[in-house]
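**Q** Before I ask anything, here is the structure I am working with.
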Amino acid sequence: MNELRELYQEMILDHNKQPRNFYALPGATHVLEGYNPLCGDKLKLYLQVENGSVRDISFEGSGCAISKASASMMTDAIKGQSVEAALALFEQFHAMLSGKADAAPESLGKLKVFSGVNEFPARVKCATLAWHTLKSGLVGAHGSVTTEDEG
């Protein structure tokens, strides 16, 4: 179990140091801002949604390692997915982190590295900031998202 936890930590640190899809996306159809006042995490999420699919996604911002790694891994997982599939992935990820799921579903793939975050309630908001921002954009909301609005 320690080896697995170390692997997960390495993956989170790698995505923090070298985040994927970390740039302003030209031609974005949705631009949203997310903020976690508890930790100070801030991000700007860029979505290019066409014909019911997330054609492209990127982000910019600053925050703790969990927040940045979660945003990075989310962009990898969501790119190319249908809006419905992206929203379903949000629900699975959120259920895992909020302790509502007995175990991390296999469909989460590499995102399961965040399964231990629910042991640290203050860090759950760090890991879900990008996801709540994504959900807001996919359901047509505009403006800023804050973790204080999360339920």
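The values are calculated or read from the model by the stated rules, or taken from the named source; none is laboratory data. Everything quoted here is computed from the prediction, not taken from an experiment. Glycine gets a Cβ as well: all are built from the backbone with ideal geometry, and neighbour counts include every protein chain shown.
**Q** Being without any contact (Cβ under 8 Å) to a residue 40 or more places away in the chain and out of contact with any strand residue (DSSP E or B) (no Cβ under 9 Å at 6 or more places or on another chain) narrows it down to one of A69, A24, A85, A77, so name that one. So that I can check it myself, show each step before the final result.
**A** On the way: A69 fails: without any contact (Cβ under 8 Å) to a residue 40 or more places away in the chain; A24 fails: out of contact with any strand residue (DSSP E or B) (no Cβ under 9 Å at 6 or more places or on another chain); A85 fails: out of contact with any strand residue (DSSP E or B) (no Cβ under 9 Å at 6 or more places or on another chain).
Criteria check complete, one pass: A77.
**Q** Further question on the same structure: Within the set of pairs 6 or more residues apart or between chains, which connect a residue that is among the acidic types (D, E) inside the range 118-135 to a residue that is at pLDDT 90 or above and buried (at least 21 other Cβ atoms within 10 Å of the Cβ) with Cβ atoms less than 7 Å apart?
**A** Qualifying pairs under 7 Å: none.
**Q** With β-branched (V, I, T), out of contact with any helix residue (DSSP H, G or I) (no Cβ under 6 Å at 6 or more places or on another chain) and crowded, with 17+ Cβ neighbours inside 10 Å as the only criterion, which of V49, V31, V113, V83 stands out? Even if it seems obvious, please write down each step before you answer.
**A** On the way: V31 fails: crowded, with 17+ Cβ neighbours inside 10 Å; V113 fails: out of contact with any helix residue (DSSP H, G or I) (no Cβ under 6 Å at 6 or more places or on another chain); V83 fails: out of contact with any helix residue (DSSP H, G or I) (no Cβ under 6 Å at 6 or more places or on another chain).
The unique qualifying residue is V49.
**Q** What is the one condition in (1) touching a Gly at 6+ places or on another chain (Cβ under 6 Å); (2) surrounded by fewer than 20 Cβ atoms within 10 Å (Cβ to Cβ) that D41 does not satisfy?
**A** (2)
**Q** Oh, and also: Just one of (1) polar (S, T, N, Q); (2) under 15 Å from G137 (Cβ atoms); (3) in contact with a Ser or Thr (Cβ under 6 Å, 6 or more places away or on another chain) trips up Q81, so point out which.
**A** Looking at each condition in turn, Q81 falls short on (3).
**Q** Just to be sure, is L25 surrounded by fewer than 16 Cβ atoms within 10 Å (Cβ to Cβ), not in a strand (DSSP E or B) and not basic (K, R)? Full working, then the answer.
**A** Values: surrounded by fewer than 16 Cβ atoms within 10 Å (Cβ to Cβ): no; not in a strand (DSSP E or B): yes; not basic (K, R): yes.
Answer is no for this residue.
**Q** Separate question: If we scan the range 69-78, do we find a residue that is at positive phi, of a type outside the set (D, E, K, R) and modelled with pLDDT of 95 or more?
**A** Taking the range 69-78 and keeping what is at positive phi, we get none.
No, that holds for no residue.
**Q** So is S72 in contact with a helix residue (DSSP H, G or I) (Cβ under 9 Å, 6 or more places away or on another chain) and within 23 Å of L13 (Cβ to Cβ) or not? Write out each step before concluding.
**A** On the way: in contact with a helix residue (DSSP H, G or I) (Cβ under 9 Å, 6 or more places away or on another chain): yes; within 23 Å of L13 (Cβ to Cβ): yes.
Here the answer is yes, as S72 does meet what is asked.
**Q** Shifting gears a bit: Residues to consider are A141, A130, A122, A103; find the one that is within 23 Å of T29 (Cα to Cα), surrounded by fewer than 19 Cβ atoms within 10 Å (Cβ to Cβ) and either of a type in the set (A, V, I, L, M, F, W, C) or at pLDDT 95 or above (or both). Don't jump to the end; show me each part of the working.
**A** Details: A130 fails: surrounded by fewer than 19 Cβ atoms within 10 Å (Cβ to Cβ); A122 fails: within 23 Å of T29 (Cα to Cα); A103 fails: within 23 Å of T29 (Cα to Cα).
Testing whether each residue is within 23 Å of T29 (Cα to Cα), surrounded by fewer than 19 Cβ atoms within 10 Å (Cβ to Cβ) and either of a type in the set (A, V, I, L, M, F, W, C) or at pLDDT 95 or above (or both) leaves just A141.
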